[in-house]
Amino acid sequence: MCGIVGYVGSQHANGRPLDVVMGGLARLEYRGYDSAGVALVTQDAGLATAKKAGKLVNLEGLLEERPLPPATAGIGHTRWATHGAPNDVNAHPHVSADGSVAVIHNGIVENFASLRAELAADGITMTSETDTEVVAHLLGAAYAATGDLAEAMRLIARRLHGTFTLLAVARDTPDLVVGTRHDSPLVVGLGEGENFLGSDVAAFIAHTREAMELGQDQVVSITPDAVTVVDFEGATVEPRRFTVDWDAAAAEKGGFASFMDKEIHDQPHAIADTLLGRTDDAGRLVLDEVRVDEAVLRQIDKIIVIACGTAAYAGQVAKYAIEHWCRIPVEVELAHEFRYRDPVVNAKTLVVAVSQSGETMDTLMAVRHAREQGATVLAIVNTHGSTIPRESDAVLYTHAGPEVAVASTKAFLAQITAAYLLGLYLAQLRGTKFPDEIAEILQDLREIPDKVQTVIDASGHVREVARSMADATSVLFLGRHVGYPVAMEGALKLKELAYIHAEGFAAGELKHGPIALIEDGQPVFIVVPSPRGRDSLHSKVISNIQEIRARGARTLVIAEEGDTDVLPFADEVFYVPRTPVLLAPLVSVVPLQIFACELATAKGLDVDQPRNLAKSVTVE
Ligand code: F6R
C-alpha cells in the first residue's frame with residue numbers, strides 16, 4: 001500500500017535529500033496516491049515537513065510555493081488511506097507532540113485505540129485521525145527517555161500490534177534515518193557516502209543497485225557511511241545483500257504516454273527475459289533458483305496455486321498446462337480464501353504463490369499457513385528483496401523488470417511464462433513428458449515474444465474500436481479452456497482502468513444464466529480457441545457467438561489468424577498469430593490489455609493510477 005523512502009548522505013549542500021526522496025516517491029507512487037509528504041532534517045532549523053492531499057504533483061506544487069530549507073536527511077511518504085480521510089492533516093509525516101521526531105508509516109496499527117487512550121491520559125491531544133500519529137507521540141516520548149532514536153524505535157515497535165513499516169528522523173540527529181518492519185516491506189539501498197531505505201527497490205534504483213533485505217521484526221539505522229540492523233531483542237543482525245538486476249531506465253516512461261502503454265510494449269522482453277538462461281548445454285531445464293530437493297518434488301501429489309487478482313488468473317492459465325504436462329492435480333485458490341477454508345494441505349502438497357510485488361498480504365498469509373501445514377512453498381515473484389520469496393522454500397523469479405502502472409500487464413505474461421517453466425521442469429523431473437517434447441514446447445515458448453510483438457504492432461484496429469466505445473457502460477468477455485482466465489483478465493483490466501462494468505465468463509456457462517444479460521448492442525468479447533485445438537471446442541464457441549449475436553450482442557472476436565469460421569458472426573475480429581493451444585493466453589490477452597488501456601485513455605482517465613487502487617496490497 002503506502003510507499004516510503006528514506007535517505008541520508010554526505011553530499012548535503014545540493015538539496016539532494018529532497019531530490020532523492022521526491023524522486024523515490026515518484027517511483028513508488030503506484031503504491032498509493034491519496035496524499036504525499038516529506039520530513040527533512042535541516043542544517044539549522046531542525047525538522048521541516050510538507051504534506052498535501054492528492055497525488056504527488058500537489059506536494060510538488062506546495063514545495064515550489066514554500067520551499068524547504070537545505071537538509072541532511074529526509075523521509076517521504078505516498079499514502080493509500082486506511083485510518084482517516086485522505087486530507088492534508090492525515091497525510092504523513094506525523095510529528096511527535098514535543099516536535100522532536102517525524103514518522104511515516106505503511107500498514108495498520110491495530111491497537112491504536114488503546115495506545116491513543118494512554119496518550120490522552122498523558123495529556124497528548126491528537127491532531128489527525130490516523131493510527132500513525134499515535135506512533136509519532138510514542139516515539140517522541142521514548143526518544144526523550146533514551147536519547148537514542150534506534151533504541152526508541154525498537155522499544156515502541158514491540159508495543160505495536162498489526163502491520164507496519166516505520167521510518168523516522170529526529171531533529172537533533174542530522175545524519176540518521178531509522179526504520180523498522182513487521183509484516184510490511186522495507187529494503188535498504190547501499191550507496192557511496194549515502195544510504196537509502198524504501199518500500200521496494202524502485203525507490204532507489206536510480207542511485208544504486210546494491211541492496212539489503214531486512215528481515216521480520218528488525219530495526220535498521222542508516223547514516224551516510226553505515227547500516228546497522230538489530231532485531232527486536234536488540235541483538236545485532238547481518239542482513240542478506242543482493243544486487244538488483246533491474247535497469248533503472250526500465251522504471252521511466254521512455255517516451256510512452258503512460259507506464260501502462262510502455263509496459264504493454266515491454267511484454268516481448270518480459271517473456272524473453274523470464275525464459276533466458278533456463279537450460280543447460282544438453283537443452284535440459286535447470287531452474288537453479290528452485291532449491292527444493294528433487295525427491296520432494298517427485299513425491300508431491302497435488303499443487304495449489306495461491307494468488308490474488310491478475311496473478312490468480314496467471315495461476316488459472318498455468319493449471320491447464322501443468323495438469324496436462326505433469327498429470328498432477330492443480331487447484332487455484334484466491335489467497336484470501338485459502339487459509340479460511342481449512343484446506344487439505346500436507347507434506348506432499350506443493351503450494352505455488354504467485355505475486356508480482358512479493359508483498360501482497362493475503363498471499364503472504366496464505367504462504368505462512370501452507371508452510372505451517374507442512375507444504376513446500378515455491379514463490380513465483382517479480383520483485384527482489386520482497387517478503388514472499390524470503391518466507392518461501394524456493395523462488396522462481398520472473399524477469400519482467402519494474403512494473404509501475406498499477407494494473408498488471410507484463411508481470412502477468414511473465415508469471416504465466418514462469419509457471420510454464422515450472423510445469424515443464426516438473427514434467428522433466430517426474431518423466432511425464434519425453435525430453436524432445438519438452439524441448440519442443442520450450443522452442444514454442446521462445447517464439448512467443450515475436451508473436452506478442454506482432455499483436456502489438458497490429459493493434460491499430462483494436463485501438464480504433466476501443467476509442468469508439470468510450471461511452472460503453474458494460475462489456476462482457478467469454479472464453480473457454482485457457483481462454484476462460486483470459487476473458488476474466490480482460491474484464492478485470494477494463495473494470496480497473498476504464499471503470500466500466502465488465503464480467504468474464506466461461507463460454508460454456510452462458511446458457512446457465514449470463515445469456516440473460518444479452519440485449520441489443522451489448523458488446524461481448526469472445527476469446528475463440530484455436531481450430532487446431534482439442535475436441536470440438538472451437539465449433540462450440542462459434543455456436544456461442546451465434547447464440548449471443550442472434551440476441552443482439554455486438555461480437556468482438558479474438559481469433560487465430562486464418563480462422564475464417566468466425567467471420568460470418570463477428571462484428572469485429574482481432575486476429576492473433578497461430579500459437580500452440582496451451583500457450584495461446586500469452587498472445588490472446590494482449591489485444592484485451594490494449595483495448596482497456598486505449599478506451600480508458602479515450603475517457604481521459606489516468607491509466608497508471610486508477611482510482612481507489614494501490615499496486616502492493618500490503619494490508620488484508
Ligand atoms: C490487476 C492487478 C492486481 C494484482 C493483485 C496481486 O491489474 O494488478 O489484481 O494482480 O493485487 O498483486 P501481486 O501480484 O503483487 O501479488
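The values are calculated or read from the model by the stated rules, or taken from the named source; none is laboratory data. These numbers were taken from a predicted model, which means no experiment stands behind them. Neighbour counts are summed over all protein chains in view; Cβ atoms, including those assigned to glycine, are modelled from backbone coordinates with ideal geometry. Accessible surface areas use protein heavy atoms only, side chains included; no ligands, DNA or RNA. Shrake-Rupley method; radii C 1.70, N 1.55, O 1.52, S 1.80 Å.
Looking only at segment 166-202, residues that are under 22 Å from T243 (Cβ atoms) and either of a type in the set (S, T, Y) or not assigned by TED's automatic domain parsing to the domain that holds M212 (or both) come to 1 in all. Restricting attention to segment 143-160 and to residues that are more than 12 Å from V103 (Cα to Cα) and in contact with a strand residue (DSSP E or B) (Cβ under 9 Å, 6 or more places away or on another chain), the residue that is surrounded by the fewest Cβ atoms within 10 Å (Cβ to Cβ) turns out to be E151. A Cβ distance below 8 Å, combined with a sequence gap of six or more or placement on separate chains, defines the contacts here; from segment 219-239, residues that are in contact (Cβ under 8 Å) with a residue 24 or more places away in the chain reach residues that are open to solvent by less than 40 Å² (accessible area, probe 1.4 Å) and of a type in the set (K, R) in the pairs V219/R154; V230/R154; F232/R154; G234/R154. Selection of first residues in segment 159-175 that are at negative phi and of second residues that are among the acidic types (D, E), restricted to Cβ pairs under 7 Å at least 6 apart or on distinct chains, gives the following pairs, ordered by first then second residue: H161/E110; T163/D183.
Looking across segment 242-267, the residues that are over 18 Å from G191 (Cβ atoms) and small (G, A, S) come down to A249, A250, G254, G255, A257, S258. Within segment 363-380, track down each residue that is farther than 18 Å from F412 by Cα, in contact (Cβ under 8 Å) with a residue 40 or more places away in the chain and within 15 Å of the ligand (Cβ to nearest atom). Selection gives L364, M365, A366, V367. Every test in (1) in contact with a helix residue (DSSP H, G or I) (Cβ under 6 Å, 6 or more places away or on another chain); (2) open to solvent by 10 Å² or more (accessible area, probe 1.4 Å); (3) assigned to a helix (DSSP H, G or I) is passed by L115 save one, and that test is (2). Restricting attention to segment 426-457, the residues that are open to solvent by less than 70 Å² (accessible area, probe 1.4 Å) and part of a loop (DSSP other than H, G, I, E, B) total 3. Residues of segment 184-241 that are part of a strand (DSSP E or B) and open to solvent by less than 10 Å² (accessible area, probe 1.4 Å): V187, V188, G189, N195, F196, L197, G198, A211, V219, V220, I222, V229. The residues on offer are V589, V607, V619, and the sole one that is open to solvent by less than 40 Å² (accessible area, probe 1.4 Å), within 16 Å of the ligand (Cβ to nearest atom) and under 15 Å from F477 (Cβ atoms) is V589. Of all the residues in segment 492-516, those that are over 24 Å from Q546 (Cβ atoms) and more than 15 Å from the ligand (Cβ to nearest atom) number 1. Those strands (runs of 3 or more DSSP E) of segment 1-107 in which 1 or more residues are without any contact (Cβ under 8 Å) to a residue 60 or more places away in the chain occupy 35-42, 46-53, 71-79. Just give me the residues in segment 489-515 being open to solvent by 10 Å² or more (accessible area, probe 1.4 Å) and in contact (Cβ under 8 Å) with a residue 40 or more places away in the chain, in sequence order. The answer is L492, E496, Y499. For segment 289-308, the tally of residues that are within 21 Å of the chain's Cα centre (by Cα) and either buried (at least 21 other Cβ atoms within 10 Å of the Cβ) or part of a helix (DSSP H, G or I) (or both) stands at 4. Remark: pairs (first residue in segment 346-358, within 17 Å of P329 (Cβ to Cβ) and touching a residue at least 40 places away in the same chain (Cβ under 8 Å); second residue within 13 Å of the ligand (Cβ to nearest atom) and in a strand (DSSP E or B); Cβ separation under 8 Å; 6+ apart in sequence or on different chains) = V351/V305; V351/I306; V352/V305; V352/I306; V352/A379; V352/I380.
Just to be sure, is V541 in contact (Cβ under 8 Å) with a residue 12 or more places away in the chain, touching a strand residue (DSSP E or B) at 6+ places or on another chain (Cβ under 7 Å) and surrounded by 20 or more Cβ atoms within 10 Å (Cβ to Cβ)? Answer is yes for this residue. Looking only at segment 516-537, how many residues end up being more than 23 Å from A466 (Cα to Cα) and either among the aliphatic types (A, V, I, L, M) or buried (at least 23 other Cβ atoms within 10 Å of the Cβ) (or both)? So the answer is 2. Only residues that are surrounded by fewer than 24 Cβ atoms within 10 Å (Cβ to Cβ), of a type outside the set (A, V, I, L, M, F, W, C) and closer than 25 Å to V406 by Cβ were counted across segment 2-26, and they come to 2. Selection of segment 363-387 for residues being farther than 18 Å from Y30 by Cβ and assigned to a helix (DSSP H, G or I) yields L364, M365, A366, V367, R368, H369, A370, R371, E372. Determine whether E561 is closer than 23 Å to E489 by Cβ and not small (G, A, S). Yes. Checking each residue of segment 123-141 against the condition of being in a loop (DSSP other than H, G, I, E, B), in the same structural domain as S199 (by TED's automatic domain parsing), at pLDDT 95 or above and crowded, with 22+ Cβ neighbours inside 10 Å gives no match.
The rows are residues; the columns are (1) modelled with pLDDT of 85 or more; (2) farther than 30 Å from E110 by Cα.
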| site | (1), (2) |
| --- | --- |
| V5 | yes, no |
| H12 | no, yes |
| G15 | no, yes |
| V20 | yes, yes |
| D34 | yes, no |
| L56 | yes, no |
| T72 | yes, yes |
| H83 | no, no |
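For segment 556-573, the condition of being open to solvent by less than 30 Å² (accessible area, probe 1.4 Å), within 16 Å of the ligand (Cβ to nearest atom), closer than 19 Å to R480 by Cβ and outside the structural domain of L334 (by TED's automatic domain parsing) holds for none of the residues.
Restricting segment 242-252 to residues that are more than 18 Å from the chain's Cα centre (by Cα) and open to solvent by 20 Å² or more (accessible area, probe 1.4 Å) leaves a set whose member that is nearest to H182 (Cα to Cα) is T243. For segment 81-114, the set of residues classified as among the hydrophobic types (A, V, I, L, M, F, W, C) and within 18 Å of S184 (Cβ to Cβ) consists of A81, V103, I104, I108, V109, F112, listed by residue number. Which members of segment 309-320 meet the condition of being out of contact with any strand residue (DSSP E or B) (no Cβ under 6 Å at 6 or more places or on another chain) and surrounded by fewer than 24 Cβ atoms within 10 Å (Cβ to Cβ)? Across segment 309-320, the qualifying residues are G309, T310, Y320. Which one is nearest to the ligand (Cβ to nearest atom), of the residues in segment 401-424 that are touching a Phe, Trp or Tyr at 6+ places or on another chain (Cβ under 9 Å) and either in a loop (DSSP other than H, G, I, E, B) or over 21 Å from V589 (Cα atoms) (or both)? Looking at residues that are touching a Phe, Trp or Tyr at 6+ places or on another chain (Cβ under 9 Å) and either in a loop (DSSP other than H, G, I, E, B) or over 21 Å from V589 (Cα atoms) (or both), I get V406.
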